[in-house]
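To keep things clear, I will list the structure first and then write my remarks on it.
What follows is calculated from the coordinates using simple rules that are stated; it is not laboratory data. Computed from a prediction, not measured in an experiment: that's the story for all the values here. Reconstructed Cβ throughout: ideal geometry from the backbone, glycine too, with neighbour counts over all protein chains shown.
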Amino acid sequence: MTSSEILLSELGDQGILRLTLNDVVRRNALSEAMLAALGTAIVASGADASVRVIILSAKGPAFCAGHDLKEMTARRADDDGGKAYFARIMSMCSGVMQSIVTCPKPVIAEVTGVATAAGCQLVASCDLAVAAATAQFSTPGVHIGLFCSTPMVALSRNVANKHAMEMLLTGDMTSAARAAEIGLVNRVVSNTSLQAATADMAGKIASKSSMTLATGKRAFYAQQDMTLSDAYDYTSKVMVENMLAQDAKEGIGAFIEKRAPNWRDI
C-alpha cells in the first residue's frame, strides 16, 4: 500500500482534518510505512494554516494493534539480530508520538475497536480521546515477554501510577468505560454516535483562535515537568505575551462589547 492508501486524509468543514489509519489487514499496526505516513502527516498538518483541529481515526475492527511484530521479527535475520532495525523503529515511533504532542493543532483520537500496546500509546499521546462503548485498551507486552516500555511513557502521563502499572503488569484489556474512569479517554459514547460526538468536540475547538490554542497546548505540556514555582513563572510570561497578541485584544474586546470575535489567528 502507498502512503496515501495506508493513511487517508480528508479536510472538512471548519478546518477539521480527519486522518484515518487504513491498513485493516494488519489491524492498523504501526509498521514502518504507517509510522512514516503518520509522522509526515502530523508535521505537515501542524504547518498548514487551513488545518485547525486533527481527528485521528481508523478503519476496521482495530484502532491500532501496536507495532507490526511480523515485520520486526523478519529482521532477526539481519547480521546484528535486528538490533539496528529495532532501534530505528522505536526511534520512529517515539518521534511520531512526540510530534503529536508538539503539533500546534489539537489532536483528538476517535477510537473504535481495540487499541493495544503502541496503539494504546497512540491514544494516550493525543490531546483528547473519544471512544466507542465497545472500544478496549491494553498494554499486553507482558504476555509475550516484551514489556510495553515506550507505551508506558504516554500512559503514565495520562493516568495515575497504580492504574498505569495495573495495565502494564497484567496486560489485561481495559473497557472503554474503565478507560474513561482512569482518564485515558475523555468520554465514551455509543458506536453510532462516535463520529458525531468527535465532530462536535472538534467543532467547538476549531471555532477558537488557532493562535490561542497553539499557545495553550505548548504551555500545557511545557509546564508539566516544572516545579510549581517555575511553572507559574513560565505561564505568567506566556500570559503576558498572549495578552499582547491581536486575537487576545479582539477576544477581550468582543466579550466586553457583547459580540462574536473575529479571529485573525495572530
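Miscellaneous remarks
- For region 110-207, averaging the sequence separation of C-alpha pairs within contact (under 8 Å, six or more residues apart) and dividing by the residue count gives a relative contact order of 34 percent.
- The Cα center of region 126-163 and the Cα center of region 73-87 differ in position by 26 Å.
- Its Cα gyration tensor gives the chain an equivalent ellipsoid. The semi-axes, each the square root of 5 times an eigenvalue, are 33, 20, 19 Å from largest down.
- Over all projection directions, the Cα-based convex hull of region 59-127 averages an area of 5.0 nm².
- Size of electric dipole in region 113-266: Cβ of Lys, Arg +1 and of Asp, Glu -1, about Cα centre, debye, nearest 20: 280 debye
- Helical mean residue ellipticity (222 nm; -39500 (n - 2.57) per DSSP H run of 4+; nearest 500) of the chain: -15500 deg cm²/dmol
- The distance separating the Cα centre of region 167-201 from that of region 23-64 comes to 19 Å.
- Whole-Å semi-axes of the ellipsoid equivalent to region 7-158 (Cα gyration tensor, √5λ, descending): 25, 17, 14
- Compactness check for region 112-266: Cα Rg over 2.2 N^0.38 Å is 1.28.
- Taking the inverse of the mean reciprocal distance over all distinct Cα pairs, the Kirkwood hydrodynamic radius of region 16-55 comes to 10.9 Å.
- Ordering L244, A222, N262 by Cα displacement along the dipole of region 187-266 toward the positive end leaves N262 in first place; charges were set at the Cβ atoms of Lys, Arg (+1) and Asp, Glu (-1).
- Kirkwood-type radius of region 173-225, with distances r between different C-alpha atoms, in Å: 13.3 Å
- Summarising the overall dimensions of region 211-263 from its C-alpha atoms, the Rg and Dmax are 13.2, 39 angstrom.
- Förster radius 22 Å - calculated FRET efficiency between D230 and V153 (Cβ-Cβ, nearest 0.05): 0.50
- The chain, relative contact order in percent, only Cα pairs under 8 angstrom and at least six apart counted: 15 percent
- For K249, a cut-off of 17 angstrom between C-alpha atoms picks up these aspartates and glutamates, skipping any fewer than 8 places away in its own chain: E241, E257, D265.
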